[in-house]
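J.: Have a look at this one.
The values are calculated or read from the model by the stated rules, or taken from the named source; none is laboratory data. The shown structure was predicted, so the numbers you read here are calculated from the model rather than taken from an experiment. Ideal geometry is used to build each Cβ from the backbone, glycine not excepted, and the neighbour counts take in all protein chains shown. Surface areas here come from the heavy atoms of the whole protein model, side chains and all, with no ligands, DNA or RNA. Shrake-Rupley method; radii C 1.70, N 1.55, O 1.52, S 1.80 Å.
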There are 4 protein chains.
Amino acid sequence: MKYYRLIAPDGSSRLTVESQDGVLADLTSIDEDLTELDDLALAASLSGATIDSLAEGILNNGNADTYNLSEIVEGSKDASGDFQLDMPFEPPEVWAAGVTYKTSEMERRRESDTPDVYSKVYSADRPEVFFKATPERCVGPFEAVGIRDDSEWNVPEPELAFVLYKGAIIGYTIGNDMSSRSIEGENPLYLPQAKVFNRCCAIGPCFVTAESIGNPHNLAVSCSITRDGEEIFSGETSTAEMARTCEELADWIQRHNYAPNMMTVLTGTAIVPPPEITLQEGDVVNITLEGIGELENDVIVV
Amino acid sequence: MKYYRLIAPDGSSRLTVESQDGVLADLTSIDEDLTELDDLALAASLSGATIDSLAEGILNNGNADTYNLSEIVEGSKDASGDFQLDMPFEPPEVWAAGVTYKTSEMERRRESDTPDVYSKVYSADRPEVFFKATPERCVGPFEAVGIRDDSEWNVPEPELAFVLYKGAIIGYTIGNDMSSRSIEGENPLYLPQAKVFNRCCAIGPCFVTAESIGNPHNLAVSCSITRDGEEIFSGETSTAEMARTCEELADWIQRHNYAPNMMTVLTGTAIVPPPEITLQEGDVVNITLEGIGELENDVIVV
Amino acid sequence: MKYYRLIAPDGSSRLTVESQDGVLADLTSIDEDLTELDDLALAASLSGATIDSLAEGILNNGNADTYNLSEIVEGSKDASGDFQLDMPFEPPEVWAAGVTYKTSEMERRRESDTPDVYSKVYSADRPEVFFKATPERCVGPFEAVGIRDDSEWNVPEPELAFVLYKGAIIGYTIGNDMSSRSIEGENPLYLPQAKVFNRCCAIGPCFVTAESIGNPHNLAVSCSITRDGEEIFSGETSTAEMARTCEELADWIQRHNYAPNMMTVLTGTAIVPPPEITLQEGDVVNITLEGIGELENDVIVV
Amino acid sequence: MKYYRLIAPDGSSRLTVESQDGVLADLTSIDEDLTELDDLALAASLSGATIDSLAEGILNNGNADTYNLSEIVEGSKDASGDFQLDMPFEPPEVWAAGVTYKTSEMERRRESDTPDVYSKVYSADRPEVFFKATPERCVGPFEAVGIRDDSEWNVPEPELAFVLYKGAIIGYTIGNDMSSRSIEGENPLYLPQAKVFNRCCAIGPCFVTAESIGNPHNLAVSCSITRDGEEIFSGETSTAEMARTCEELADWIQRHNYAPNMMTVLTGTAIVPPPEITLQEGDVVNITLEGIGELENDVIVV
């Protein structure tokens, strides 16, 4: 099932689950202390039950308030609604992987002063993984993502993201790994500056449990950039094109490295805008991921 | 003045200041709520007074308990003392810079498969800065630093570290930027894995205010590695050899990037053990920095 | 000076100070980390400066956003404004005193089954002080105060409140010590139930420093209750009628008892509605205290 | 089952359960994030399983470290042990009830200037309940409880305590409701001062689930006071002598009143030392409650 976190009119958090198509059932309306996905994950971990079966049990025990998902989405888009979409959960750390799709290796190689490093990592045993963001640098659905003012080439990276709890993948969301290609292209040692900055990461719109996703390696991904109402770029791929599995990335990231509960890992991208496309303030980025939904963010200079 | 944080026998924190040579005056014994340097930094920021003048005012207002610094250090070394040295403060984020000394560029170039990237960053306008550690990955004086079990060449990097508060440098400490040379050398895209892991950063033994340090760019730095009671490596340099200033690094790190109060930045190193030296479990690393003190940590495999 | 805390349109907190008559200067607009009065109180405590001189220094250092106080008040009353008045600070504990005015003793005696206990406490050395509320049970300006559904006689108690920091009185606010007279009157052992319940305490609208108030024992206090737009009760007194001083109450409350910073103490009342007046849902209570301002709350059944 | 919280040598918390007689199984050694009973209570609440079945499931999934309970108790008594008993959980609020046993009414009446109030509450529908303590005023096993220096007659009150979670009783512990009889006896309006002060409440040694206790109204309770190695008082009763049930008290306390999860309620006492017995610094109070265990605390003047 899909879990959405909402901000209620009084500023409080609501944890909801899409119990039927297009209908959000408000778990917080049944149990006022249940406002965070983390609590369901904890209960699942301690009880051995799945997150989805816990949510179903709670829904069966009470009479949940329900909302129309489309209305919530529309009302969040222009901030006109009573309830606003929030990040589905707050990741204590976000990590990301690069060069995990054949295409991404090609593209990064083409534009870089040091193409060999990308080829090498693509075929190496060890993946490229990096610290991507803290909670303060993340945004949720319909919040603005950032582009650095000192970068000439800025792109979104639309990615499947997985969520770890006690070391295991418990679910998925969409991540936008905002990147400065010009800074990274200048020198691979600048990678952290090309990747970590204000509003560098978007997460959402929902969290989908691993049991609901099933196989994460056959999901369609698409991305478009809209400027002044006109689409200036679109691309698509499938997670079937990934050269590494989520499990493999989860394993590498946790080698000798602390992974707090709800740590989120973006798994790399194969959708790469051509060099003539760079994001500008006011652009809108839409990412669609099969089985999860659509993540939309506008762009501001930070 | 120099500020040390101690753990009292009951597990509580004590903020102390070296009011006379070798004597720690316990500020917490005068004001029981004053256990963190952050509070002095906040009060200094809001009042326009310096941290040192605030500490002096507090000492003049009360009758502080005092401790012998040497005894505290000795008792922390073998954990025999009632009071134990702790990290002087908890940095919410640690960042680090690389290739800031001429020597470091040389060394990293020599051992890397992609030497050019180091040369380029040395002479470029933009420095190499990276996200180094979260609080969970930091250790204090006499705590064990970590080496990755999947790395063959592991070295300490003894560095001057500065501390930011509301964007300005308010003081200094010593940082040990534990690094896996073999992982970084294989591919510069592996830098985050070579730098971010469990126990990858040591901080301490004290915090020295900017007003006490004066010029941070003329301080002697030395480092030694001891194995089975025998010194197997020693090196020394001076912060006068830095090719970039602390102010310059502080400026670059904060471009388009959030810098929480007490964020700590390690400024790079020029002391590089030769290829035949790699840290092993049980080794002891000592770093001395003029005007600050000595930071000692043993080594474990993580 | 008077300090008001506002909730901004994005839900964040703003600490403002009435720098000129009717004009709020936004301290948070100068220093984004400064959102809580507690921080000014800490800085004042550590630096020896007064809260007001710190605020003045900050205002002199920057160019604060300003707001019209009347507009903020009007916009908070009907929730139409962008900025809403909040509790001026969050008290970790609220305590209260009773029978501190000659009149209050008379009134409580008249209606109680055990009148002697009030007479005795009035003339005793030891005052009546009690634990009144936790933060979860407090409300701010224009929020609803509560009346118990199991109580027939419910009254507001309009009171001068003082705020302790490191044991000393640093300022004042208005407190409404909502009380169930019928429960208390039945048996003095029921006092905690007559005093501690949901929404039992209102605090606000601002915090005034002790240095601005000067003598707290000569301030006019008035209270009115309005029902369906019509005033059904009004009363007035002066803190000059108090039989005990704030200092005396502060001293008694801290005897052998922990007093956390920002602990707030309501000092008792002399304005007592007659037995035929009991609050109903929808009533509005207004309390005016000279030198502080006006605290308005409507009433709901809890 | 019985749950004990321990403080490990490194200062961290351990949640243990007495899985077999006299053997503590360390749940934290299986799941390092599981250090608090609250997490089990949350998981039980969300999954519909019992706390005990969750603990059993966790024990079956891993190989828990085990400790000898007697050794832990002995090592906590004189602080010689590596592991020390802590409060079994941290109650966000402690409330208490009075005059719930026939005897207690008699005793309090005898010594009070206003005996009628106790008789009345005993036979009234509404019980006497009061706010007893915040976490800062609570102590755990073998920690010192406090007596007020301004009180001549100080007694322990050995009581069965129940724990609320989402409004329901999930388990029990022992509570010592330290009381100043002289202050309360002078005037019932002084009850809060007679009850709320530093170290006024002891909780422990363990938490026993409601399912393990079964009927809480037929448990033997005993209490002794030892001075200089000699027992100066002992008394005993049974919870069968309670005139009100735990459910009834839980219901009254939550009427119109917020009850945070893990809120703890002491249920009153029938063991009352005679007037010639008053606690002195250095005395030791032992309370035994059938099905729970023994809570021991020494006495200091606060």
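J.: Tell me which residues, restricted to region B:66-94, are part of a strand (DSSP E or B) and in contact (Cβ under 8 Å) with a residue 60 or more places away in the chain.
T.: The answer is B:Y67, B:Q84, B:L85, B:V94.
J.: Related question: Which numbered condition trips up B:V23, out of (1) surrounded by fewer than 23 Cβ atoms within 10 Å (Cβ to Cβ); (2) within 14 Å of chain C (Cβ to nearest Cβ); (3) of a type in the set (V, I, T)?
T.: (2)
J.: If you don't mind, another one. Out of region D:228-250, which residues are touching a residue at least 24 places away in the same chain (Cβ under 8 Å) and not in a strand (DSSP E or B)?
T.: Of everything in region D:228-250, those that are touching a residue at least 24 places away in the same chain (Cβ under 8 Å) and not in a strand (DSSP E or B) turn out to be D:D228, D:T239, D:E241, D:A243, D:R244, D:T245, D:C246, D:E247, D:E248, D:L249, D:A250.
J.: Now for a different question. Can you give me the number of residues within region A:1-20 that are within 14 Å of chain C (Cβ to nearest Cβ) and part of a strand (DSSP E or B)?
T.: So the count comes out to 3.
J.: Another question about this same structure. Name the strands (runs of 3 or more DSSP E) wholly within region B:251-302 that hold at least 1 residues that are touching a residue at least 24 places away in the same chain (Cβ under 8 Å) and more than 15 Å from the chain's Cα centre (by Cα)?
T.: Answer list for region B:251-302: B:284-289, B:293-301.
J.: Would you confirm, using the coordinates I've provided, whether C:K102 is within 19 Å of C:H217 (Cβ to Cβ) and among the charged types (D, E, K, R)?
T.: yes
J.: Can you name the helices (runs of 4 or more DSSP H) wholly within region B:125-227 that have at least 2 residues being facing chain A (nearest Cβ under 9 Å), touching a residue at least 60 places away in the same chain (Cβ under 8 Å) and within 24 Å of B:P260 (Cβ to Cβ)?
T.: It comes to B:191-195.
J.: Hey, another quick one. Among the residues of region D:236-250, which ones are more than 20 Å from D:A168 (Cα to Cα) and under 17 Å from the mean Cα position of the chain (by Cα)?
T.: Passing the criteria: D:E236, D:T237, D:S238.
J.: If only one of A:V117, A:V94 is at pLDDT 90 or above, within 14 Å of another protein chain (Cβ to nearest Cβ) and buried (at least 19 other Cβ atoms within 10 Å of the Cβ), which one is it?
T.: Unique residue meeting the criteria: A:V94.
J.: Now, a different point. Does C:K120 fit the bill of being assigned to a strand (DSSP E or B) and either charged (D, E, K, R) or under 23 Å from the mean Cα position of the chain (by Cα) (or both)?
T.: no
J.: Right, another one. If I go through region B:29-57 residue by residue, how many of them are assigned to a helix (DSSP H, G or I), more than 7 Å from chain C (Cβ to nearest Cβ) and without any contact (Cβ under 8 Å) to a residue 60 or more places away in the chain?
T.: Of the residues in that region, 5 qualify.
J.: Additional query: I'm told D:G11 meets every condition in (1) in contact (Cβ under 8 Å) with a residue 40 or more places away in the chain; (2) within 26 Å of D:F142 (Cβ to Cβ) except one. Can you identify the failing condition by its number?
T.: With (1) in contact (Cβ under 8 Å) with a residue 40 or more places away in the chain; (2) within 26 Å of D:F142 (Cβ to Cβ) applied to D:G11, the lone miss is (1).
J.: Considering only residues that are of a type in the set (D, E, K, R) and open to solvent by 30 Å² or more (accessible area, probe 1.4 Å), which ones fall in region B:42-85?
T.: Correct list: B:E56, B:D65, B:E71, B:E74, B:K77, B:D78, B:D82.
J.: The conditions are (1) modelled with pLDDT of 95 or more; (2) out of contact with any His (no Cβ under 7 Å at 6 or more places or on another chain), and B:R148 fails exactly one of them. Which is it?
T.: Failing condition for B:R148: (2).
J.: Would you check which residues across region C:238-268 are closer than 15 Å to C:D177 by Cβ, open to solvent by 10 Å² or more (accessible area, probe 1.4 Å) and within 14 Å of another protein chain (Cβ to nearest Cβ) and list them?
T.: Passing the criteria: none in range.
J.: Considering only residues that are closer than 15 Å to A:N297 by Cα and buried (at least 19 other Cβ atoms within 10 Å of the Cβ), which ones fall in region A:208-232?
T.: A:C223, A:S224, A:I225
J.: Now for a different question. Among the listed residues C:L6, C:L37, which satisfies the condition of being closer than 21 Å to B:D33 by Cβ and under 22 Å from the mean Cα position of the chain (by Cα)?
T.: Of C:L6, C:L37, the one residue that is closer than 21 Å to B:D33 by Cβ and under 22 Å from the mean Cα position of the chain (by Cα) is C:L37.
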